[in-house]
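Peer 1: Have a look at the structure that comes next, please.
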Amino acid sequence: SLQLSRYDCLPTDAGTPLVRDAVKAVLLEICPDDVQLLPVKVIARGVLVESYSFVNVVCQVDAIDRSGTETFEVPGTDIIMGFKRLAHRPGALGGRHLAREVDYPPHILASTQLSRRIRSLGRLPGVDFVAATAVRW
């Protein structure tokens, strides 16, 4: 529990992060209409780790640039299972600061303004922003 409490963001197998106070404050400042923050109980080895919230990203955008993207699909369907290469359309967030890709909901897209604001807080363990072009698929 002490190790977990050092992190400002925890990944989950649900594809939705758990965040603590510093990140929650920025999300409410920059994009309150893009998220719901739902308090959760995190229990590690029988000890309650306080102050985490589940980030429910409520917006979806069509951000994939099909001409610069190579996907692989669930066999027998057109459902995207992953990428060989991914490119996003410029401006696809359309003024939003946080959204999920409509055709691949595990991807959460963040605006440059949001990522810069969170980075301005300094080192926040567990928090990272990665450009699609930097991911090794």
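Peer 1: How about region 49-72: which of its residues are open to solvent by 70 Å² or more (accessible area, probe 1.4 Å), over 20 Å from H97 (Cβ atoms) and not in a loop (DSSP other than H, G, I, E, B)?
Peer 2: R66, S67, E70, F72
Peer 1: Quick one: in region 97-137, which of the residues that are in contact with a Leu (Cβ under 8 Å, 6 or more places away or on another chain) and in a loop (DSSP other than H, G, I, E, B) is least open to solvent (accessible area, probe 1.4 Å)?
Peer 2: Of everything passing the filter in region 97-137, S111 is least open to solvent (accessible area, probe 1.4 Å).
Peer 1: Suppose the filter is open to solvent by 20 Å² or more (accessible area, probe 1.4 Å), in contact (Cβ under 8 Å) with a residue 24 or more places away in the chain, of a type outside the set (S, T, Y) and closer than 19 Å to A134 by Cβ; does R20 pass it?
Peer 2: Values: open to solvent by 20 Å² or more (accessible area, probe 1.4 Å): yes; in contact (Cβ under 8 Å) with a residue 24 or more places away in the chain: yes; of a type outside the set (S, T, Y): yes; closer than 19 Å to A134 by Cβ: no.
No: the conditions fail for R20.
Peer 1: Would you mind telling me which numbered condition in (1) under 19 Å from A134 (Cβ atoms); (2) among the aliphatic types (A, V, I, L, M); (3) surrounded by fewer than 19 Cβ atoms within 10 Å (Cβ to Cβ); (4) modelled with pLDDT of 95 or more L38 fails?
Peer 2: Every listed condition holds for L38 apart from (1).
Peer 1: Would you pick out the residues in region 79-91 that are open to solvent by 90 Å² or more (accessible area, probe 1.4 Å) and in contact (Cβ under 8 Å) with a residue 24 or more places away in the chain? Outline the logic, then answer.
Peer 2: To start, the set of residues in region 79-91 that are open to solvent by 90 Å² or more (accessible area, probe 1.4 Å) comprises 79, 81, 84-85, 89-90.
Within region 79-91, K84, R85, R89 qualify.
Peer 1: Another question, if that's okay. Given the options L2, L37, L28, name the one that is part of a helix (DSSP H, G or I) and free of Cβ contacts under 8 Å to residues at least 40 places away in the same chain. Lay out the reasoning, then the answer.
Peer 2: Details: L2 fails: part of a helix (DSSP H, G or I); L37 fails: part of a helix (DSSP H, G or I).
None of the other options fit; the residue is L28.
Peer 1: Only one of G76, G46, G15, G94 is open to solvent by 80 Å² or more (accessible area, probe 1.4 Å) and at positive phi. Can you tell me which?
Peer 2: Details: G46 fails: open to solvent by 80 Å² or more (accessible area, probe 1.4 Å); G15 fails: open to solvent by 80 Å² or more (accessible area, probe 1.4 Å); G94 fails: open to solvent by 80 Å² or more (accessible area, probe 1.4 Å).
Unique residue meeting the criteria: G76.
Peer 1: Considering only region 73-96, state which residues are within 21 Å of D128 (Cβ to Cβ), part of a loop (DSSP other than H, G, I, E, B) and of a type in the set (K, R). Can you show your working first?
Peer 2: Residues of region 73-96 within 21 Å of D128 (Cβ to Cβ): 82-83, 85-88, 92-93, 96.
Remaining after also requiring part of a loop (DSSP other than H, G, I, E, B): 86-87, 92-93, 96.
Within region 73-96, just R96 meets the criteria.
The values are calculated or read from the model by the stated rules, or taken from the named source; none is laboratory data. Not measured: the values here are computed from a predicted model. Virtual Cβ from ideal backbone geometry, glycine too; neighbours counted across all protein chains shown. Ligands, DNA and RNA are excluded from the accessible area calculation, which covers all protein heavy atoms including side chains. Shrake-Rupley method; radii C 1.70, N 1.55, O 1.52, S 1.80 Å.
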